[in-house]
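The values are calculated or read from the model by the stated rules, or taken from the named source; none is laboratory data. This structure is a prediction, so every number in the text was calculated from the model and none was measured. With ideal geometry, Cβ positions are generated from the backbone for all residues, glycine too; neighbour counts draw on all protein chains shown. Ligands, DNA and RNA are excluded from the accessible area calculation, which covers all protein heavy atoms including side chains. Shrake-Rupley method; radii C 1.70, N 1.55, O 1.52, S 1.80 Å.
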Amino acid sequence: LTPEEELQSGIDQLRKKNYSKSKQIFENFINNNPKNNLSGTAHYWLGKIYLFEKNYRNAALTFGEGVQNFPKSIKAAEMSYELVISLNQMGKNDEACKTFLLLKDNYKNSKFAKDPKQIIEKLNCETNN
C-alpha cells in the first residue's frame, strides 16, 4: 500500500469502529513513515483513539509528539487543542494552560486557537490577554 492508502485503511477501520485494528495501523504507519507529513494525521487519529479509551497519558504523548514533529500538519492545531484536553483530564492544569497559550500563539488563525471562553474558565487559566 502507498502511505496514503495505508492511512486511509486506518481511517476506514476507525469508521467501522474497529478501534484495535485502526490503532495498530496508525502505530505501524507512524513507525514506518517517521518523516512523512501524513504521520501528523496518523498521530491525530491515534491520539483520538487513546482519548476514547480514556488513556489520557498516551493521548497526551501522541498529540505532543505529533505537534512537535509535524507542526505544519493539517491536524497540528487540532492536536494542540486535544493535547490541552488530555492534560486537563490528567489533572495537569498548568501544563494545559501553557499548551493552550502556545496553541493561540502558534496557530492564531485556527478555529481551535479562538478562545472559547469555556476552556480558559474550565482550566482556570490565569491569562494576561
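Report yes if ASN109 is out of contact with any Lys or Arg (no Cβ under 7 Å at 6 or more places or on another chain), at pLDDT below 95, crowded, with 20+ Cβ neighbours inside 10 Å and not small (Gly, Ala, Ser), otherwise no.
When the stated conditions are applied, ASN109 does not pass them.
Across the range 30-54, what is the total count of residues that are open to solvent by 50 Å² or more (accessible area, probe 1.4 Å) and either touching a Pro at 6+ places or on another chain (Cβ under 7 Å) or in a loop (DSSP other than H, G, I, E, B) (or both)?
5
Inside the range 75-101, can you point out the residues that are more than 11 Å from LEU123 (Cα to Cα) and either among the basic types (Lys, Arg) or touching a Leu at 6+ places or on another chain (Cβ under 9 Å) (or both)?
LYS75, ALA77, SER80, TYR81, GLU82, LEU83, SER86, THR99
Quick one: in the range 1-29, which of the residues that are β-branched (Val, Ile, Thr) and assigned to a helix (DSSP H, G or I) is surrounded by the fewest Cβ atoms within 10 Å (Cβ to Cβ)? Give the steps one after another, and end with the answer.
Looking only at the range 1-29, we keep the residues that are β-branched (Val, Ile, Thr), and these are 2, 11, 25.
Filter once more, so that each one left must be assigned to a helix (DSSP H, G or I): 11, 25.
Numbers: ILE11: 15, ILE25: 24.
For the range 1-29, the residue satisfying everything is ILE11.
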